[in-house]
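Written below as structure tokens is the structure these notes are about.
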Amino acid sequence: MTQRSGTERDFFLDLSARAKLRVSGADRFRFINGQITNDLREANETAAIEACVLNAKGKLNAQIFIAALGEAFLIDADPELREMLRARLERYVIADDVQIEDVTDEFSLFHVFTEDPLALESDRIVSARRFATTGWDIWSDPARHEAVRRELASAYLFIDSAAADVMRIEQGLPRWGRELTDEIIPIEANLEQRTIDYQKGCYIGQEVISRIKMSGQTNKRLCGLISLNNTPLQKSRLGT
């Protein structure tokens, strides 16, 4: 990997702690597409999509990223959702040929913020829009975790979770356990453009989402606050 100059260096994150599920089986596409707000046809081996998993009232069960992997799909979500997300999906597996496995410990996951293509040997690279611009996810064997991290550090600047959280807040992006809870509807958290496809088929919670779209009204909306006199602000919350 080519070394970049100090002013040109982009960034990378270690997202290996995120919950990871592998969904396989002959009915995997139909099943997952009926659970998420985005169009699964846009997810493939080289590009991930962002989506929400909702309950019947249109409220969030999870915010996820999903991409194809051979005869399966890989889903990743915030670590807090590891057990709940699998249980939520399995609840709707009735007569479907679908298997849902927890593969959190089977993959390391890094994300690189750069517009340039990545070239790492023996690793799976997927484009993903996790922040304001598209970046690259690197999925690898955990045995290679430190080797991949060193290779990335030779070309990119590592930022820790605290710095990433600041960047996320500055970009107005919500996160599970902070601005996102199971009482929030995606539109209220400004996730509409990133996670909802109004042209796809039916999914759980769609009726509520479509009704809000038609009315153009929400009870609350995520917004940012800026201190005009440098007084520290209290933790962010959804406001009207």
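The values are calculated or read from the model by the stated rules, or taken from the named source; none is laboratory data. Since the structure is predicted, the reported quantities are computational estimates derived from the model, not experimental observations. Glycine also receives a Cβ, built like all others from the backbone with ideal geometry; neighbour counts cover every protein chain displayed.
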ask   = For the range 24-40, does any single residue satisfy the condition of being in contact (Cβ under 8 Å) with a residue 24 or more places away in the chain, over 29 Å from residue 208 (Cβ atoms), touching an Asp or Glu at 6+ places or on another chain (Cβ under 7 Å) and surrounded by fewer than 19 Cβ atoms within 10 Å (Cβ to Cβ)?
value = yes
ask   = Residue check: is residue 127 of a type in the set (Gly, Ala, Ser) and surrounded by fewer than 17 Cβ atoms within 10 Å (Cβ to Cβ)?
value = yes
query = Quick one: is residue 148 aliphatic (A, V, I, L, M), over 18 Å from residue 61 (Cβ atoms), touching a residue at least 12 places away in the same chain (Cβ under 8 Å) and part of a helix (DSSP H, G or I)?
reply = yes
Residues of the range 180-211 satisfying the condition of being touching a residue at least 60 places away in the same chain (Cβ under 8 Å), hydroxyl-bearing (Ser, Thr, Tyr) and part of a helix (DSSP H, G or I) = 195
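Evaluate the following for residue 125: is it in contact with a Phe, Trp or Tyr (Cβ under 6 Å, 6 or more places away or on another chain), touching a residue at least 40 places away in the same chain (Cβ under 8 Å) and not in a helix (DSSP H, G or I)?
It is true that residue 125 is in contact with a Phe, Trp or Tyr (Cβ under 6 Å, 6 or more places away or on another chain), touching a residue at least 40 places away in the same chain (Cβ under 8 Å) and not in a helix (DSSP H, G or I).
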task = With the condition kept exactly as written, say whether any residue in the range 46-58 is surrounded by fewer than 18 Cβ atoms within 10 Å (Cβ to Cβ) and over 30 Å from residue 213 (Cα atoms).
result = yes
request  = Hey, can you tell me all the residues within the range 165-179 that are hydrophobic (A, V, I, L, M, F, W, C), more than 22 Å from residue 105 (Cβ to Cβ) and touching a residue at least 24 places away in the same chain (Cβ under 8 Å)?
outcome  = 167, 169, 173
key: Unmet criterion (only one of (1) touching a residue at least 12 places away in the same chain (Cβ under 8 Å); (2) out of contact with any Leu (no Cβ under 8 Å at 6 or more places or on another chain)) for residue 87   = (1)
ask   = Only one residue in 192, 179 is charged (D, E, K, R), over 22 Å from residue 12 (Cβ atoms) and out of contact with any Pro (no Cβ under 7 Å at 6 or more places or on another chain), so which one is that?
value = 179
note = Matching residues in the range 98-116 (loosely packed, with under 14 Cβ neighbours inside 10 Å and under 14 Å from residue 12 (Cα atoms)) number 2
key: Residue that is farthest from the chain's Cα centre (by Cα) [pool: residues in the range 47-93 that are assigned to a helix (DSSP H, G or I) and among the aliphatic types (A, V, I, L, M)]   = 87
ask   = Any residue in the range 225-234 that is at pLDDT below 95 and surrounded by 14 or more Cβ atoms within 10 Å (Cβ to Cβ)?
value = no
inquiry  = What pairs come out if I take residues in the range 100-113 that are part of a loop (DSSP other than H, G, I, E, B) and pair them with residues that are acidic (Asp, Glu) whose C-beta lies under 9 Å away, six or more apart or interchain?
reply    = 107/76; 107/141
ask   = For residue 97, are the conditions met, namely being acidic (Asp, Glu), modelled with pLDDT of 95 or more and in a strand (DSSP E or B)?
value = no
